[in-house]
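Participant: The following block contains the structure, expressed as structure tokens.
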Amino acid sequence: MLTIQQIEGTILGLAAGDALGVPVEGKDEAYLERHAVSAMLGYGVHGMPPGTWSDDTSLCLATMDSIARTDTIDFDDLLHTFQHWADDGAFTPAGHAFGIGATTKKALEKYRHHAPALQAGGVAEQNNGNGSLVRITPLTLYLYGRHGTDINEHDLNLIQNVSALTHRHPRAKMACVLLVLLGLNLLDGAKPLEALTDANQRFHDYYWQKEPYHDELWHFERSSSVQAFYDLAPEDIGHSGYVIDTLETAVWCLLHTENYRNCVTRAVNLGGKTDSNGAVAGALAGMRYGIKAIPHGWLMQLVRRDYIEDLCHFFGRNLTR
């Protein structure tokens, strides 16, 4: 059974991880070895106050708002809500969209020019950025609230379609499915290693039935061998905005740490796309360790924290008992 505390732990965990990474986005690991992030910083790369979160959190909040208002997954409403964010600065820390990705921007432009919702997303190889992965977390909460871990093919297709609104390439959609499967297990109380093992099994069972996806499965080979993936050195993990890099960074950090703080700081201090890596790692750690594990000082500095909490309650009204 999904609880408000789980929703808050997950979403505030994501937002705090995002905000921790924003000031050092693009910095490499060598820089961060000398200037390790361990607290909310401000006025770094983007010149933003401490606790400022990026488009990663904004798009999660927009997704939550759409689901809460419609009490379903409405693809057109989701894209209209994303447009409200991009055009009007809704769901943002300071009244304007911050950090919109190229693939997401192009999808919103296509939809504005009357492309069907499920045809708006980019389908080319270069459209495998992490833009749909970073906003898929509300689907994990929605599905867990409705079905627990007992999801079916319709639910897996739903995850893929929510990705396809902006990122339609099979690899991006598959990454979202794997992240959701892992998150469902964490919400259900599984420890990270067993959660990943089960998620991998369900992931491969599903995609082996889908021949058009077979050529993409090799991109997920590293994380599918859980012990070998665990044994990878930090320098073997990519830290860019590529969807596989963000997925692997977040999962690797979850496996190699034992609390929320260490998971998120590990993800950020690996460098690269630090806001996205911090956000996805923060969501997973929030699911695993809960709201009380997020450092109090980080939450106090999080911009518009009260608004995020209110939206968590709005989102959870039909999903929690």
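The values are calculated or read from the model by the stated rules, or taken from the named source; none is laboratory data. Because the structure is a prediction, the values reported are computed rather than measured. Note: ideal-geometry Cβ built from the backbone for every residue, glycine included; neighbour counts use all protein chains shown.
Participant: Please identify the pairs in which a residue from the stretch 73-90 that is free of Cβ contacts under 8 Å to residues at least 40 places away in the same chain and farther than 18 Å from T103 by Cβ has its Cβ atom under 8 Å from the Cβ atom of a residue that is in a helix (DSSP H, G or I) and β-branched (V, I, T), counting only partners at least 6 apart or on another chain.
Facilitator: From residues that are free of Cβ contacts under 8 Å to residues at least 40 places away in the same chain and farther than 18 Å from T103 by Cβ, the pairs are D77/T70; A90/T81.
Participant: Right, something else. So which residues in the stretch 127-185 are touching a residue at least 12 places away in the same chain (Cβ under 8 Å) and in a loop (DSSP other than H, G, I, E, B), if there are any at all?
Facilitator: Once the filter is applied, which keeps residues that are touching a residue at least 12 places away in the same chain (Cβ under 8 Å) and in a loop (DSSP other than H, G, I, E, B), the stretch 127-185 yields N128, N130, G131, S132, I136, G148, T149, I151, L165, T166, R168, H169.
Participant: Please pick out the residue among E216, E211 that is of a type in the set (D, E, K, R), surrounded by fewer than 21 Cβ atoms within 10 Å (Cβ to Cβ) and touching a residue at least 40 places away in the same chain (Cβ under 8 Å).
Facilitator: Exactly one of E216, E211 is of a type in the set (D, E, K, R), surrounded by fewer than 21 Cβ atoms within 10 Å (Cβ to Cβ) and touching a residue at least 40 places away in the same chain (Cβ under 8 Å), namely E216.
Participant: Another question about this same structure. Do we find a residue being more than 18 Å from the chain's Cα centre (by Cα) and in a loop (DSSP other than H, G, I, E, B) anywhere in the stretch 270-290?
Facilitator: no
Participant: Next question. Out of (1) under 16 Å from L299 (Cα atoms); (2) part of a helix (DSSP H, G or I); (3) out of contact with any helix residue (DSSP H, G or I) (no Cβ under 6 Å at 6 or more places or on another chain), the odd one out for G13 is which?
Facilitator: With respect to (1) under 16 Å from L299 (Cα atoms); (2) part of a helix (DSSP H, G or I); (3) out of contact with any helix residue (DSSP H, G or I) (no Cβ under 6 Å at 6 or more places or on another chain), G13 is out only on (3).
Participant: Moving on to the next point. Could you look through the stretch 186-200, keep only residues that are acidic (D, E) and in a helix (DSSP H, G or I), and pick out the one that is surrounded by the fewest Cβ atoms within 10 Å (Cβ to Cβ)?
Facilitator: E194
Participant: Pick out the one residue from T72, T81 that is crowded, with 18+ Cβ neighbours inside 10 Å, at pLDDT 95 or above and over 24 Å from M300 (Cβ atoms).
Facilitator: Only one candidate qualifies: T81.
Participant: Identify all residues within the stretch 252-266 that are outside any loop (DSSP other than H, G, I, E, B) and of a type outside the set (K, R); write none if there are none.
Facilitator: Once the filter is applied, which keeps residues that are outside any loop (DSSP other than H, G, I, E, B) and of a type outside the set (K, R), the stretch 252-266 yields W252, C253, L254, L255, Y260, N262, C263, V264, T265.
Participant: Next up: What are the residues in the stretch 206-228 that are within 16 Å of N185 (Cβ to Cβ) and either small (G, A, S) or at pLDDT below 95 (or both), if any?
Facilitator: Listed by number, the residues that qualify are S223, S224, V226.
Participant: Sticking with this one: Condition first: out of contact with any Ser or Thr (no Cβ under 8 Å at 6 or more places or on another chain) and either buried (at least 24 other Cβ atoms within 10 Å of the Cβ) or among the charged types (D, E, K, R) (or both). Now tell me which residues in the stretch 274-307 satisfy that.
Facilitator: Within the stretch 274-307, T274, G278, G282, L284, R288, K292, I294, W298, L302, R304, R305, D306 qualify.
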